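The next block holds one structure in the form of structure tokens; read it before the comments.
Rule-based calculations on the coordinates, nothing more; no lab input. In this text, all values refer to a predicted model and were calculated from it rather than measured experimentally. Cβ coordinates were reconstructed from backbone atoms using ideal geometry, including for glycine residues, and neighbour counts include every protein chain displayed.
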Amino acid sequence: PSDTAFSVGAVVVAADGTELARGHSREAGDPVVHAEEAALAKVDPADPRLADATVYSSLEPCARRASRPAPCARLILDAGVRRVVTAWREPDTFVEAADGNGLLAAHGADVVVLPGYEERAKAPNRHLLG
């Protein structure tokens, strides 16, 4: 857990169910790396499976960020991934009116939110939620 960022996990899965990569917040000691960013960095950008892959993330991918030039929603789109499944929409804790799902959908991605997993995704972040 961190006092300055959410704890998030992400997995990139090919259409046939093969796990391509996984990542988590602050992976490898990088204090500002996001889960989706860490996972996508492990997949060859030329991998043809990305076009039919799904990114599963415990939190909605970011639409804006100060710590890197590109937010996770943009990284997902640039990787060619067009399906994202999340458990929880990003609250206004660090970025007001964050709408990574909206950015993804506006650029043709299929976005699925599974609210049944929201409480589990929030668990390591309770201290940030008031």
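Oblate is the label for segment 65-130. Its Cα gyration tensor axes, ordered a ≥ b ≥ c, give a/c of at least 1.5 and b/c at or above a/b.
Of the peptides 28-36, 70-78, 56-64, 97-105, the ranking by mean beta-carbon count within 10 Å, highest at the top, reads 56-64, 70-78, 97-105, 28-36. Put a plus charge on the Cβ of each Lys and Arg, a minus charge on the Cβ of each Asp and Glu, and nothing anywhere else: the dipole of the chain about its Cα centre is then about 100 debye. Using θ = phi - 60° in the Karplus curve 6.51 cos²θ - 1.76 cosθ + 1.60, the 3J(HN,Hα) couplings for segment 108-113 round to x, 7, 8, 10, 10, 10 Hz; x is entered for Gly and Pro.
Only helices enter the 222 nm calculation for the chain: every DSSP H run of n ≥ 4 contributes -39,500 (n - 2.57), and dividing by all residues gives -4500 deg cm²/dmol, rounded to 500. For Cα Rg over 2.2 N^0.38 Å, the value calculated from this model appears in (1) 0.97; (2) 1.10; (3) 1.31 under label (1).
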